[in-house]
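The values are calculated or read from the model by the stated rules, or taken from the named source; none is laboratory data. Since this is a predicted model, take the numbers as computed values, not measurements. Note that we place each Cβ from the backbone using ideal geometry, even for glycine, and neighbour counts take in every protein chain shown.
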Amino acid sequence: MSLVSPDLTERSHTALADATLQTALKRATDTFIERRREAVAGVPDWEALRARARQIKEHTINHLDYYLEQLVEQVTALGGHVHWARTGEDVSRYIIELARARGVTSVVKSKSMATEEIELNHALEAAGIRPVETDLGEYIIQLAHEKPSHIIVPAIHKTREQIADLFAEKLKVGRAREVEEITAIARARLRHEFLSAGMGITGANFAVAETGTIVLVENEGNIRLSTQVPPIHVAVVGIEKVIPRFADLSVFLRLLPRSGTGQKQTAYVSFLNGPRQQTEIAHDSNSPNEFEFHLVLMDNGRTRILADEQLRESLYCIRCGACLNVCPVYQKIGGQAYGWIYPGPIGAVISPQLQGLKQAGELPFASSLCGACRDACPVAINLPDMLLALRAKAKETEGAHAGRRKLGESMAMRVYAATAQRPKLFVAVGAMVRRISRLLAKGGKITSAHVSPLDEWTRYRDLPVPTGRSFRAWWQEHKGDE
Ligand code: SF4
């Protein structure tokens, strides 16, 4: 499910040249990083929590068959229906058949990466069923006919002004000036959709095997309405979302909001146990007589990931988005440049596995391997190691991007490797580079205007001028200091 076909480099250049996008990305990622830092600082046992989360995920993924069977048993006992879907097409087919059988012509959807992954909206529209996204960010990108550019903030690439213009054009309303006006317009439109939809479709943040509970976190209340107003609720859940015990939520519900939005807790956390019961139904003239709950357990390539011991860890992901915010590559190119539905470091790891290396093998190379993603990840997923492993696989895969890397880049890496292995040569070359750099500098920086072979690197960044002496010289002088 490629969003756009040209290659990553081309898409990245487009993103880098978009000044509005650069403003929106900087504003949003800076804010999220700062909020997360404050939220994490308030939890003294943060590292212990991360370690515990990782342990739980590791145990669950290693016993996935057991916990999935337990989940199915519990959901069925609660009166829910369970459908196993091997592919995205299986998911869409099941939901379309269900909608047709119940005479449903419009559905309300809450934000769900699983349904984005399989392009469920396209399948529904092709079947004559109207999907309406009800998360504000998803609603915006649905109106704009775009794809989400962040796991938890789908419209992160849009400024308030762009959204106001979009609403004015698509909804024929006056141009909103404040965020409150924008949300009020969306709320008024969506209220009617909730009341008239025949089905609500959600994902799930967690599915508890012990109790059959589907857990959903949100800030807007649209999930509550999507699951409680229409008579049918369908939850499309990747098989890796299962956790063993209800008590495990105390770990994940502390980690997820702090990592994702920098909140101690989201405004709403819904714990859904099967369909709504008669005792829970408000009996007015609009109330359906009966509610249904369908759990669609989606594989869509996850068992393939499970089979790979080196990359299995990517199934621990709880989709918080923290690794995107801290990634220096994501911060500059945003989500849409990645070309697949999952962006950022986690996208660069799972997209090649879900889509295949021939399709998405260039993504693992879109990383500086700085390790910021691993440090930010609430489940301590070792993303850099997996990126390296995927690079090695991509090189082995005939026709993958690695085989098409630029000759100049490959040669430069070889020259660097040869130099780095010869200490005297390394010192001499270092001194020469420092001298040349200082000659090229203007105003303390080296910019693209001066260095044409390095133009691609310096076009979007300043290269600071190296100091007059090397780290080695500094070290020789200070190594005795304590
Ligand atoms: S890899 Fe970690 S940081 Fe990135 S989205 Fe998943 S859980 Fe969050």
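Worth a mention:
- The stretch 426-437 residues that are farther than 14 Å from residue 415 by Cβ, paired with ones that are assigned to a helix (DSSP H, G or I) (beta carbon under 9 Å, 6 or more apart): 427/472
- Qualifying positions in the stretch 47-75 - polar (S, T, N, Q) and free of Cβ contacts under 8 Å to residues at least 40 places away in the same chain: 55, 62
- Members of the stretch 459-482 found to be small (Gly, Ala, Ser) and modelled with pLDDT under 85, listed by number: 468, 480
- Comparison of 194, 167, 252 shows that the only residue that is surrounded by 23 or more Cβ atoms within 10 Å (Cβ to Cβ) and outside any strand (DSSP E or B) is 252.
- Residue among 267, 247, 337 that alone is among the hydrophobic types (A, V, I, L, M, F, W, C), more than 13 Å from the ligand (Cβ to nearest atom) and not assigned by TED's automatic domain parsing to the domain that holds residue 200: 337
- Of the residues contained in the stretch 223-246, one or more are found to be closer than 26 Å to residue 118 by Cα and either touching a Pro at 6+ places or on another chain (Cβ under 6 Å) or without any contact (Cβ under 8 Å) to a residue 12 or more places away in the chain (or both).
- Residue in the stretch 283-305 that is at negative phi and within 16 Å of the ligand (Cβ to nearest atom) present: yes
- Failed condition for residue 306, given (1) under 21 Å from residue 70 (Cα atoms); (2) assigned by TED's automatic domain parsing to the domain that holds residue 56: (2)
- Residue within the stretch 342-354 that is within 16 Å of the ligand (Cβ to nearest atom), touching an Asp or Glu at 6+ places or on another chain (Cβ under 8 Å) and in a helix (DSSP H, G or I) present: yes
- Matching helices (runs of 4 or more DSSP H) fully within the stretch 357-420 where at least 3 residues are more than 16 Å from the ligand (Cβ to nearest atom) and at pLDDT below 90: 407-420
- Scanning the stretch 319-328 for residues that are more than 7 Å from the ligand (Cβ to nearest atom) and surrounded by fewer than 22 Cβ atoms within 10 Å (Cβ to Cβ) turns up just one, 328.
- A search for C-beta distances below 7 Å between a residue of the stretch 337-353 that is among the small types (Gly, Ala, Ser) and any residue that is within 10 Å of the ligand (Cβ to nearest atom), counting only pairs 6+ apart in sequence or on different chains, returns 344/323; 344/324; 344/327; 351/342.
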